[in-house]
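Structure, as structure tokens:
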């Protein structure tokens, strides 16, 4: 099976979510099912069906997280260095058309949150940046057309 790269912070977040689902959500769902059963006829009991649906979601997410964590390849970004863009790099870019500066860290798929500057390794921008160095220009095809960025800095923190 293919390993899933992720940062230590992303790995810890997934572990925390798994712990919460197992310790809090699972027991809350069991309690809700039990309370709904006490209401009587299960065939027309909306609370029971909603609780069972929630249980399916929780158990599915637990299985998904356990699989991802078992395949995780945790990469300690603090131990990396250099000026070449690769997984874990924090990069600053300048849009060559608008002169706007933006900053991202390249992270695993499950950690990505573009609003926080966390760019998925599988995103088109990240794929086009991998292997490039400070001063290089990269062209990325986006739904709005091609964009060109210049790499201003690469750091590993």
## Note on the structure
residue 42 fails exactly one of (1) part of a helix (DSSP H, G or I); (2) touching a helix residue (DSSP H, G or I) at 6+ places or on another chain (Cβ under 8 Å), namely (1)
### Query
Which of the residues belonging to the range 2-16 are outside any strand (DSSP E or B) and buried (at least 19 other Cβ atoms within 10 Å of the Cβ)?
10, 11, 14
#### Entry: Residue selected from the range 85-101 under the condition part of a strand (DSSP E or B) and surrounded by fewer than 15 Cβ atoms within 10 Å (Cβ to Cβ), by the criterion modelled with the lowest pLDDT
95
### Query
Across the range 31-57, what is the total count of residues that are surrounded by fewer than 16 Cβ atoms within 10 Å (Cβ to Cβ) and either in contact with a strand residue (DSSP E or B) (Cβ under 9 Å, 6 or more places away or on another chain) or in contact (Cβ under 8 Å) with a residue 24 or more places away in the chain (or both)?
1
### Tally, over the range 60-77, of residues that are assigned to a helix (DSSP H, G or I) and surrounded by fewer than 15 Cβ atoms within 10 Å (Cβ to Cβ)
8
### Query
Can you name the residue in the range 103-129 that is assigned to a loop (DSSP other than H, G, I, E, B) and without any contact (Cβ under 8 Å) to a residue 40 or more places away in the chain and is also nearest to residue 4 (Cα to Cα) among such residues?
122
### Message
Could you go through the range 141-148 and let me know if any residue there is touching a strand residue (DSSP E or B) at 6+ places or on another chain (Cβ under 6 Å) and surrounded by fewer than 14 Cβ atoms within 10 Å (Cβ to Cβ).
### Response
yes
### Query
With respect to residue 22, is the statement that it is surrounded by 14 or more Cβ atoms within 10 Å (Cβ to Cβ), touching a strand residue (DSSP E or B) at 6+ places or on another chain (Cβ under 8 Å) and not assigned by TED's automatic domain parsing to the domain that holds residue 109 true?
no
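The values are calculated or read from the model by the stated rules, or taken from the named source; none is laboratory data. Everything numeric in this text was worked out from a predicted model, so none of it was measured. Cβ: placed from backbone, ideal geometry, glycine included. Neighbour counts: every protein chain shown.
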